[in-house]
Amino acid sequence: MRRLFPHPTDHLTVEEYCGIPRQRLPHRPHVMLCMVASVDGATVVDGNSRALGGPTDQQVLLGLRRHADVILVGASTVRADGYGAPRPGLRIAVVSRRCDFDFDQPLWASGQAVLVVPADAAIGELPVPVVRAGTGTVDLADALTHFHDAHVVQAEGGPTINGLLAAADLLDEVNLTVSPLLVGGDGPRVVHHAPPVRHRLHLSEVCEADDGFLFTRYTRR
């Protein structure tokens, strides 16, 4: 990788890019969003994000996960991208309303997955831990308080989950990979189904890979 901003260098490792210091806030974990989008803003191709990525993008995703305690992700993304068992010590918090999963799958069988559902969700006894937060839809601000021992939560979409985070002003860091693809279509943006918001972020870092991907980081001032 090459860093283009703020201090240009031709030699930057993925770990140097991903491993910046992050501090838990007094009342909740630090929340960072990791997403990939095409140059025209698409977040999915044929129903998932895999076609937008590349080798370095995958390394960055895994590198950021190494610095997270919890992955927050929507049920549709878990299904579309085929989430499996996480590394030891990493929890996966899956936001869902229907909870219609095959709990024999490796993600759930790992013992490291948690369901996050509205408090009024009509679900029976489940073989995995459940966090209840909000009425009608998940209140992510409330849900985050249940992960009191987590310092960093990485959100990985989909766009509706990102919209809930943006609407609640919970995003402390946005790691957006720009894929060198023009996709077209009418797929969802990085943030979807959110009310109008104007949360000002600070451009902290821009890096480039040999395969034409740009890696941008925005943070709260």
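Filtering the range 34-91 to residues that are of a type in the set (Asp, Glu) and either over 21 Å from Thr160 (Cα atoms) or surrounded by fewer than 16 Cβ atoms within 10 Å (Cβ to Cβ) (or both) leaves Asp40, Asp46, Asp57, Asp69. Among residues of the range 169-191 being part of a strand (DSSP E or B) and either without any contact (Cβ under 8 Å) to a residue 12 or more places away in the chain or among the hydrophobic types (A, V, I, L, M, F, W, C) (or both), the one that is surrounded by the fewest Cβ atoms within 10 Å (Cβ to Cβ) is Leu176. Restricting attention to the range 39-53, does a residue exist that is closer than 19 Å to Ala209 by Cα, modelled with pLDDT of 95 or more and not hydrophobic (A, V, I, L, M, F, W, C)? Within the range 39-53 (the criterion being closer than 19 Å to Ala209 by Cα, modelled with pLDDT of 95 or more and not hydrophobic (A, V, I, L, M, F, W, C)), the answer is no, since none of the residues qualifies. For the range 192-221, a residue qualifies if it is out of contact with any helix residue (DSSP H, G or I) (no Cβ under 9 Å at 6 or more places or on another chain), under 26 Å from Tyr17 (Cα atoms) and part of a loop (DSSP other than H, G, I, E, B), and the qualifying residues are Arg200, Leu201, Gly212, Arg220, Arg221.
Of all residues in the range 109-128, those satisfying the criterion of being of a type outside the set (Val, Ile, Thr) and over 23 Å from Asn162 (Cα atoms) are Ala109, Ser110, Gly111, Ala122, Gly124, Glu125, Leu126, Pro127. Glu125 meets all of the listed conditions (1) out of contact with any His (no Cβ under 6 Å at 6 or more places or on another chain); (2) of a type in the set (Asp, Glu); (3) in contact (Cβ under 8 Å) with a residue 60 or more places away in the chain but one, namely (3).
The values are calculated or read from the model by the stated rules, or taken from the named source; none is laboratory data. No experiment lies behind these values; they were computed from the predicted model shown. Note: ideal-geometry Cβ built from the backbone for every residue, glycine included; neighbour counts use all protein chains shown.
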